[in-house]
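> Here you go, one structure.
Readers should treat all values here as calculations from the given coordinates under stated rules, not as data from a laboratory. Just so it is clear, the structure is predicted and the values come from calculations on it, not from any experiment. We place every Cβ from the backbone using ideal geometry, glycine too, and count neighbours over all the protein chains shown.
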C-alpha cells in the first residue's frame, strides 16, 4: 500500500516539474524567435535604406518614388513578421495549455482508478477472510460428523450381525415348516405357487374386466351428455356440401370430326399432348366425348383446359400444343395461389407462409375417398373453431384450432415424394414454414402417429372424423367395403360361444348371436365389451360401431 502511494506521489511531482520545464522552454523559444525576426527585419531595413541612398544619388525624381516604395514594403514585411511571430506564440501557448489540461485529467483519473482498486482489494480481502473462517467451521463440522458416522457404522455392524443370525434361524424354521406343509398337502412348493398364481390371475382378470366396465360406464354417464351436446351444437351450426371427384374427366366435343384432328397424323398430336401434360387421353367410340384419365387431378385439369383452348383455336400441332400447355400450367398455378388466398380470407386466417397458401390451393384439385380435400379441410377448420368455442377455449386457441383443422391434410398435396405418411409429412411442412408448435402437433397426431400434447390435437382428430364419417361425405370402393364387413363378422365369430354374426347398417352395427348353453347373461355383457375392444384395436373404420350380443333361451318339447 505504501509503495503504491509513493509511486502515485512520484508521478504527480514528475508531471508538475515537467509542466514547469515545458512552460519555461516554450517562453524562451518564443522570445528568441521574436528577437530573431526583429533583427532580420532591421537588417532588411538597413539594406533598403542604403539602396535608396544610392538611387537618390543617381536620380532625384526616381529616388523619392523608390524611397516611399521601400518604406511601404518594409513596413508591410515588418507587420507580417510580427503577426507570424504572434500567431506562432499563441499556437504554442494553446498547445501547451491543452497538454497541461490533458495531463491533469489523466492524473485525476489515475488517482480515482487507484482508489477504486484499493477499495476492491480491501473488499476481496475481507471476503476471503470470511470464507477462510467459514471453511474452518465447515472442516470442524465434517470432522465431528465423521466421528459420529464411525460410531453409527460400528453400531450398524453389530446390529447386522444380530439380524443375520436371526435370519439364519428363521430360514431353518421356514424350511422345516415348508417340509411339514408339503407332506400334509402332498404338493411341492412350486406346484402350490403355480396353483396360487393361476387362481390370483383368474380373479384379477375378472376383477379388472369389471373395473374397466364400471369405469367406462361411469365415463359414459358423466361425459357422454356433454360430448353429445357439443357435437350436436357444432353440427347444427355447420352445413356441408356434397362433392364427389373422379379420377377421370370427360371433355365434350361439338362433333366427332375433331377427334381425328386431336389425334393427328399417326397420333403425333395426342402423343405430344400426353407427354406435355402427363395425363392419358382415351379416344373411343363414345360420341362427341374424349376421356382424360390421371390420378393427379392437376394434370387432368391442365390437359382439359389445354384441349379446350386448342379446340377453340383450331390450330392443333405439337409445337402449338407445348405452347398452350405451358401457358395453361402457368395460369393454373396462379389460379391455385388465388384459391389458397381466397380460402385464407374466407376463414380469416392470417400470417400463413406463401408456400402453405399454395398447398391449400392445390387441395381444390385433390379428393380423398371421393370427398374434395379442400372442402373437407375447410369443413374441418370450421368444425374445430366451433367446437373449440363451445368448449370455452380462448380466442387464440380457437384461431389455432381453425388453423390446424385447415392444415391437417396438407401432407396429401406435397409436391416432393416422401415415404412418410401424410400426417407426418404435413407436420414436417408446418415445422419447416414456422407454424405454431400446437398446430404442428395437431397435424402430426390426427392419426395417432405422434403423441398429443395439447387440447387442440384431439379436437382436430375428432372434427376430421366427423367431416369424413358423415353420410354422403365419402365413397368407399366396393371391394374394400366388403372386405371390412367380412373382417368384422370373422372377428366376432373368433370368440367361443358365438353362433352367428351379422354386420348391419353399412358396417355401423354388429349383431352377434350366441349359444345360450355356452354363454351366460353375465358373460354376454363381457363378450360384447371384448368384441368392441378387439374391433377398436385391430380395425380401422369411420365413426363408431355398435356391438349387440343376443342370447336366446328356447325350451322345446314334443307331445306324443
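> What list do you get for 72, 558 if you sort them by fewest beta carbons within 10 Å?
Details: 72 10, 558 4.
With the sparsest Cβ surroundings first, the list reads 558, 72.
> Continuing with this model, one more query. Could you list 349, 7, 262 so that the one with the fewest beta carbons within 10 Å of its beta carbon is first and the one with the most is last? Mind showing how you got there, number by number?
Working: 349 17, 7 11, 262 20.
Fewest to most other Cβ atoms nearby, the residues stand as 7, 349, 262.
> Between residue 35 and residue 122, what's the calculated FRET efficiency when r is the beta-carbon distance and R0 is 56 Å? Round to 0.05.
0.45
> Please report the antiparallel percentage of DSSP beta bridges with both residues in segment 477-560, rounded to the nearest 5.
Working: 6 of 12 bridges.
In segment 477-560, DSSP labels about 50 percent of beta bridges as antiparallel.
> Taking 7 Å along the Cα-to-C-beta vector as the label spot, tell me the residue 194-residue 496 distance in nanometres, rounded to one decimal.
2.0
> Consider all pairwise Cα distances in segment 290-428 and report the whole-number % of them above 18 Å.
Details: 5905 of 9591 pairs.
Summing the P(r) of segment 290-428 above 18 Å gives 62 percent of all pairs.
> Here is a follow-up. Could you tell me how many cubic angstrom of Cα convex hull volume segment 262-321 has per residue?
On the way: hull volume 4.9 nm³, N = 60.
Cα-based convex hull of segment 262-321, divided per residue, equals 81 Å³.
> Please compute the modelled spin-label separation between residue 556 and residue 133, points set 7 Å along Cα→Cβ, answer in nm with one decimal.
Distance between the two pseudo-spin positions: 10.5 nm.
> Using label points projected 7 Å from each Cα along Cα→Cβ, tell me how many nm separate residue 76 and residue 3, to one decimal.
Going by the 7 Å Cα→Cβ label model, 6.9 nm.
> Give, in nm to one decimal, the length gained when the segment between residue 214 and residue 11 is fully stretched (0.36 nm per residue of separation minus the Cα-Cα distance).
Length gained between residue 214 and residue 11: 63.7 nm.
> Mind sorting 255, 68 by how few other Cβ atoms lie within 10 Å of their own Cβ, fewest first?
Working: 255 8, 68 11.
The order, fewest Cβ neighbours first, is 255, 68.
> Taking the Cα centre of each part, how many Å lie between segment 395-469 and segment 309-363?
Each part's Cα centre sits 25 Å from the other's.
> Okay, which of segment 425-448 sit inside 16 Å, backbone N to the point 7 Å along the Cα-Cβ direction of residue 540?
The answer is 425-426, 444-448.
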